[in-house]
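Worksheet for the structure shown next.
The values are calculated or read from the model by the stated rules, or taken from the named source; none is laboratory data. This structure is a prediction, so every number in the text was calculated from the model and none was measured. FYI the Cβ positions are ideal-geometry reconstructions off the backbone, even for glycines, and counts take in every protein chain you see. Keep in mind that these areas ignore ligands, DNA and RNA; they rest on the heavy atoms of the full protein, side chains included. Shrake-Rupley method; radii C 1.70, N 1.55, O 1.52, S 1.80 Å.
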Amino acid sequence: PQEEPQGAASRTETAGSMEGGFRAFAVPETPKAHRPSSKILTERVGIALAGLQDWEWLSVVRWLYVWSWVVFIWKLVAPLLNVMLAWMSALMGDQNFIVILAFTFAAGMVLFMIPPVPGPPIYLFGGFVISGKCPFGFWWGSIICIILCFVLKLTACAVQQSLIGARLGDWKSVRQMCGVHKPFVRAIESVLRRPGLSFGKCVILCGGPDWPTSVMAGILRLSLVQCLLGTCPIIVNLIPLTLTGSFYLRRSESEVWTRAGNLMFTLTVLTSVIFWAGMGWAIQNEFDTKLEELTAPKEEFLELDWLDYRATYIAQRCAVEWGQVPKGVRFWYGLGALGSVIAAQFLFWRFASCVGSFAVTDDIDELVWYGKDGLFKLQGLIVIGVVSVSGLGLTVFRCWQKKYRLKPAAEAEWELKGMEGTWKDR
């Protein structure tokens, strides 16, 4: 037979490889008995919709509630915090400079004790209040503000670690919930227990969220002195952030001050990104070098492991599937989740039409709470109302679930009493 030209053979091989590549994206073969019989949808869409039936819809809907409320709180905390800081600034008025320093420090300590409140707004507040009211001049006020905020940060970390974390660490349920016996937290603990100013230790203490990081250090029974030492490099992030607030005061004097403020804010973001990236590297490096040590069981964690097993056993016995939930409960549970998602999405994408602008430097006496030119516009009030009412759907489901779980939970508790000794001896 006549030989196939080399070019034709090449084209055949290429076509074969392309066919094999496209085959990887093809819809997998499905038995005819399980194929959707809809004449409206294509086979691919029908199979995809049929696969949705295998989803754990109770978990999906629960997470819809959670992330919707996370977005809702995240978007509203900033304007409300600005209102509070502006009110505090007006409250100080023409007070003595020492009184202003004391008030700023006390207010910062109170805010640091609230878990969702981060440190940056406090530093910005100190920057534009102290720098503008310092009797020794603007630059001396900025220096005093940096020192005050640095001392405030270390003091807040000490209080969170020694007075909150150390007390919570006495509760086994808290230690189990925080996962101090899990490899991830054990890796963080291994990094933080190093003395001195190691890179990993500093980036975790400086880059981690303020309240959770310090409280976790207390729960882990870490050295307070060593943790404060590792927190000291926060000064490289605190200086530009504080100066951002200070320069904001003088933005109307010259374009130079506006650009200087933007530069300081950029440096703040840059140092924060370095801290966050360093955290990821430090934890991963710990896993790479000490994986066996971090995953090996420890006798000191026996009680916590038992609590994990106990919680998992009870959860399995009390597990509920979507089909077991009454239709009425499912309706309100799903409707509430849908309302929360729609409200959160609207607030996220149309924030300006829901919430007005109010800067920390604005006059608190001119604040209008609601209305067309107010802090909360009509759309914003509707969003708040929808989110509040949507929570009733979750409440309905929780009440039904609590009643449903009473009997299997009691049976599981009884069974676990006889299993505890045998399980711990293994």
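Hey, what angle do you get for helix 302-317 against the long axis of the chain, alpha-carbon based, 0 to 90 degrees rounded to 10?
It works out to around 50 degrees.
Please tell me which of these pairs span more than 27 angstrom C-alpha to C-alpha: 327/402; 182/417; 75/327?
Over 27 Å apart, Cα to Cα: 75/327.
Report the residue, chosen from 240, 121, 195, that carries the largest GNM mean-square fluctuation when the chain is represented by alpha-carbon nodes joined by springs under 10 Å.
Result: 195 has the largest fluctuation of those listed.
What number comes out for the charge environment of residue 57, summing +1 per Lys or Arg and -1 per Asp or Glu over other residues with Cβ under 15 Å away?
0
Over what distance in Å are the Cα centres of the range 366-426 and the range 279-334 separated?
19 Å
Distance between the C-alpha centers of the range 47-62 and the range 138-164? Whole Å please.
With the range 47-62 and the range 138-164 each reduced to a Cα centre, they are spaced 49 Å.
Over the chain, with a Gaussian network built from C-alpha contacts below 10 Å, which listed residue (275, 247, 331) shows the highest mean-square fluctuation?
331
So which chymotrypsin sites (Phe, Trp or Tyr not before Pro) in the range 86-151 are both in a DSSP loop and have at most 16 other Cβ atoms within 10 Å of their Cβ?
Qualifying residues, ordered by number: 136.
Please list, in order along the range 235-242, the HN-Hα scalar couplings obtained from phi with the Karplus expression 6.51 cos²θ - 1.76 cosθ + 1.60 (θ = phi - 60°), rounded to whole Hz, x for Gly and Pro.
4, 6, 9, 6, 4, x, 5, 5
How would you rank 252-265, 67-80, highest first, on the average number of other Cβ atoms within 10 Å across their residues?
67-80, 252-265
Under 5 Å between amide H atoms, partner at least 5 residues away or on a different chain: which partners does residue 376 have, H built in plane at 1.01 Å?
356, 370, 371
If you average the sequence gap of Cα pairs under 8 Å that are 6 or more apart and divide by the length of the chain, what percent do you get for the contact order?
Answer for the chain is 19 percent.
At a 1.4 Å probe, what is the % contribution of carbon and sulfur to the accessible area of the range 137-268?
71 percent
Can you give me the accessible area per residue for the chain, using a 1.4 Å probe, in Å²?
Value for the chain: 60 Å² per residue.
Collect residues whose amide H, placed 1.01 Å from N in the peptide plane, falls under 5 Å from the amide H of residue 119; neighbours closer than 5 in sequence don't count.
When sequence neighbours closer than 5 places are left aside, the close amide H contacts are 210.
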